[in-house]
Amino acid sequence: MATERQIQETVASFLSGMFFYVNSGKTPQVMRVMTAELQATAHLVLDGGLSERELVDSLLRPIEAKMIARFGSSESSKLFDKLAEVFKGLIKAGEVHSLALE
């Protein structure tokens with residue numbers, strides 16, 4: 001189980017990549033960088049052994065809430081979908097056996 005500090009740093013890492021994307025003009029190049037950063041952080045999360053519930057409750061919900069507070073519902077929804085897509089891609093690639101991100 002991750003410590004509270006590790007979880008906070010992971011949330012900050014995900015948010016940093018997404019904030020950079022929005023603040024940098026949303027170009028295809030910046031989208032590739034953001035996706036790579038999200039994938040790298042997602043690998044660390046999945047390798048850290050968080051349970052499905054811990055992942056959703058400790059990471060995904062706080063990330064979603066902070067994104068909504070910063071960007072509003074519409075923009076946050078698009079960014080959160082990208083984050084979910086990254087996790088689903090890792091799961092589909094066999095990196096994780098099961099995880100409910102629907």
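So here's what we get for this one:
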{"read-out": "Among residues of region 8-53, those that are among the β-branched types (Val, Ile, Thr) and either in contact with a Gly (Cβ under 7 Å, 6 or more places away or on another chain) or within 21 Å of residue 88 (Cβ to Cβ) (or both), counted", "value": "6"}
{"read-out": "Unique match (being in contact with a Lys or Arg (Cβ under 9 Å, 6 or more places away or on another chain), modelled with pLDDT under 85 and either part of a helix (DSSP H, G or I) or of a type outside the set (Phe, Trp, Tyr) (or both)) among 99, 55", "value": "99"}
{"read-out": "Pair list, Cβ under 7 Å, 6 or more apart: region 15-30 residue modelled with pLDDT of 85 or more, other residue among the basic types (Lys, Arg)", "value": "15/66"}
{"read-out": "Filter result (surrounded by 16 or more Cβ atoms within 10 Å (Cβ to Cβ), over 17 Å from residue 65 (Cα atoms) and not hydroxyl-bearing (Ser, Thr, Tyr)) within region 13-38", "value": "30, 34, 37, 38"}
{"read-out": "Criterion: among the polar types (S, T, N, Q) and under 10 Å from the mean Cα position of the chain (by Cα) - qualifying residue of 13, 24", "value": "13"}
{"read-out": "Complete set of residues in region 1-12 that are among the charged types (D, E, K, R) and either surrounded by 10 or more Cβ atoms within 10 Å (Cβ to Cβ) or at pLDDT 85 or above (or both)", "value": "5, 9"}
{"read-out": "Single residue of 26, 82 found to be over 17 Å from residue 6 (Cα atoms) and in a helix (DSSP H, G or I)", "value": "82"}
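The values are calculated or read from the model by the stated rules, or taken from the named source; none is laboratory data. Since this is a predicted model, take the numbers as computed values, not measurements. We place every Cβ from the backbone using ideal geometry, glycine too, and count neighbours over all the protein chains shown.
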